[in-house]
Amino acid sequence: MAFKCRVCDSDKISQILDLGLQPWGNDFIQISENRKSELYPLNFVICKDCMTCQIDFTIPKEKMFVNHSYMSGTTKTLKNHFQKIGEDITNLYEFKNEDYIMDIGGNDGTFLEYFKSKNIKVLNIDSGLQQAKESNKKDIKCIADFFNEELSNQILNNYGKAKVIHGSGIFFHLEELKSVFRGVKNLLSEDGVLVAEFIYLPGMIKNLAFDQIYHEHLLYYSLHSFQKLLDQFDLNIHFAKMLPIHGGSCVAHISHKNNLDLESSTKKLFNAEINDGFLNFNVYEDFAKKVSKAKKEMTNLIKMLNTNNKKIYALGAPVKGTTLIHYMELDETKLKCAVEINKHKFNTYYPGTKIPVLNQADVEDPDYYLFLSWNFKDEIISKMTNYVEKGGKFIIPFPKVEII
Ligand SMILES: [Zn+2]
């Protein structure tokens, strides 16, 4: 059966970039375990009717989101980022006593901590078993399940309607997309607000950050394409803001239709998308050309360093690194290992490779670190003054390949 648009069901799908066969980006396998990652197509496409970018293959959610190792609480940058979103919410909207905020895919409860400290009632929903456990430990009640229309009815019965529903990086990796939005529509109080955070497609394209394309990210929105989706549920973006995390992220505030007017700076953001050509296919074609050029630059650079016997390790082992490593055809002969501070990833292989992921504290520094967590670059570099003083260098892949 031919692939149909996840948002509008159109079959006018055009390919932008084929990233080849790739494992699920978070399939870190213990070195001691004798198992190989399965490979799946990773193909970035666009719907020419609603201009929503997406990938055309779905790995079942049970495989990706029940046992995974990503914990929100690990980085300070992310905590600060959540704090900013939280402050916007409490500045803009008034919480009465009985009002509560619900976080869909709230991970270990990091986002809700701020609200709890303000004595606002909170409820977390996360399908990750470890994450739910961590959240409950912090006394942030977590329902360990996938949010959808059915679960929204149970929540409605037990807790009533929500004043604010928050979802960070979640509305682009839902295979039950429409059921989730029906659930949100169902649960959101009349004057309630949905705060949705997603990787901002125009930012990703401008930064050439193709490593944001992985199987967990089924959809890539501009404000225009996100609004097209919301139209189906009588929901409207009334406010949006760009934040620098993940190389460009958008936080959209959404309300029931005809409730709140579109704020003027947000109107400008919508217009900028039109002026920058994001409603035309050319921008995406151009992106694909630049990405393939970046691949050549990166592979040449690494080849040159390898020839000169320079040791290169990957710094960090984020999911998006899988996309980069596979697309750039890097293996254990080019990249000796990846170093991490997240203990859940120690002594595993980078998905689909024989590149070991090791505890950073146990490994001597190489000549070059390839930055895979480039979005946390400033925070990480500031912690590595020793390495920098010894003359250690970093290879930065985005927005252009460079050595610092
Ligand atoms: Zn479409």
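The values are calculated or read from the model by the stated rules, or taken from the named source; none is laboratory data. All of these numbers come straight from a predicted model, not from anything done at the bench. Note: ideal-geometry Cβ built from the backbone for every residue, glycine included; neighbour counts use all protein chains shown. The protein model used for the area step is the full one, side chains on, heavy atoms only, and it has no ligands, DNA or RNA in it. Shrake-Rupley method; radii C 1.70, N 1.55, O 1.52, S 1.80 Å.
K116 fails exactly one of the following numbered conditions: (1) assigned to a helix (DSSP H, G or I); (2) surrounded by 16 or more Cβ atoms within 10 Å (Cβ to Cβ); (3) in contact with a strand residue (DSSP E or B) (Cβ under 8 Å, 6 or more places away or on another chain). What is the number of that condition?
Condition (2) is where K116 drops out.
Hey, any hits in the stretch 378-396 for a residue that's open to solvent by 20 Å² or more (accessible area, probe 1.4 Å), assigned to a loop (DSSP other than H, G, I, E, B) and β-branched (V, I, T)?
No, that holds for no residue.
Within the stretch 229-250, track down each residue that is out of contact with any Phe, Trp or Tyr (no Cβ under 8 Å at 6 or more places or on another chain) and modelled with pLDDT of 95 or more. Walk me through it before giving the result.
So in the stretch 229-250, the residues out of contact with any Phe, Trp or Tyr (no Cβ under 8 Å at 6 or more places or on another chain) come out as 231, 234, 236, 238-241, 243-246.
Of everything in the stretch 229-250, those that are out of contact with any Phe, Trp or Tyr (no Cβ under 8 Å at 6 or more places or on another chain) and modelled with pLDDT of 95 or more turn out to be D231, D234, N236, H238, F239, A240.
Within the stretch 168-175, identify whether any single residue is over 16 Å from D234 (Cα atoms) and free of Cβ contacts under 8 Å to residues at least 40 places away in the same chain, and answer yes or no.
Restricting attention to the stretch 168-175, the residues satisfying the condition of being over 16 Å from D234 (Cα atoms) are 168-175.
Now drop any that are not free of Cβ contacts under 8 Å to residues at least 40 places away in the same chain, which leaves none.
No, there is no match, as no residue in the stretch 168-175 is over 16 Å from D234 (Cα atoms) and free of Cβ contacts under 8 Å to residues at least 40 places away in the same chain.
Only one of (1) in a loop (DSSP other than H, G, I, E, B); (2) of a type in the set (S, T, Y); (3) at pLDDT 95 or above is not met by S37, so which one is it?
If we test S37 against (1) in a loop (DSSP other than H, G, I, E, B); (2) of a type in the set (S, T, Y); (3) at pLDDT 95 or above, just (3) comes out false.
Scan the stretch 357-374 and tell me whether some residue there is assigned by TED's automatic domain parsing to the domain that holds V291, open to solvent by less than 30 Å² (accessible area, probe 1.4 Å), outside any helix (DSSP H, G or I) and within 18 Å of S32 (Cβ to Cβ).
Yes, the stretch 357-374 contains at least one residue that is assigned by TED's automatic domain parsing to the domain that holds V291, open to solvent by less than 30 Å² (accessible area, probe 1.4 Å), outside any helix (DSSP H, G or I) and within 18 Å of S32 (Cβ to Cβ).
With D211, D261 as the choices, which residue is open to solvent by 10 Å² or more (accessible area, probe 1.4 Å) and either outside any helix (DSSP H, G or I) or in contact with a helix residue (DSSP H, G or I) (Cβ under 7 Å, 6 or more places away or on another chain) (or both)? Even if it seems obvious, please write down each step before you answer.
On the way: D211 fails: open to solvent by 10 Å² or more (accessible area, probe 1.4 Å).
That would be D261, the only listed residue that is open to solvent by 10 Å² or more (accessible area, probe 1.4 Å) and either outside any helix (DSSP H, G or I) or in contact with a helix residue (DSSP H, G or I) (Cβ under 7 Å, 6 or more places away or on another chain) (or both).
Restricting attention to the stretch 4-34, and to residues there that are β-branched (V, I, T) and part of a loop (DSSP other than H, G, I, E, B), which single residue is farthest from the ligand (Cβ to nearest atom)?
Narrowing the stretch 4-34 to residues β-branched (V, I, T): 7, 13, 16, 29, 31.
Okay, now just the ones that are also part of a loop (DSSP other than H, G, I, E, B), so 7, 31.
Numbers: V7: 5, I31: 42 Å.
Per the criteria, the residue is I31.
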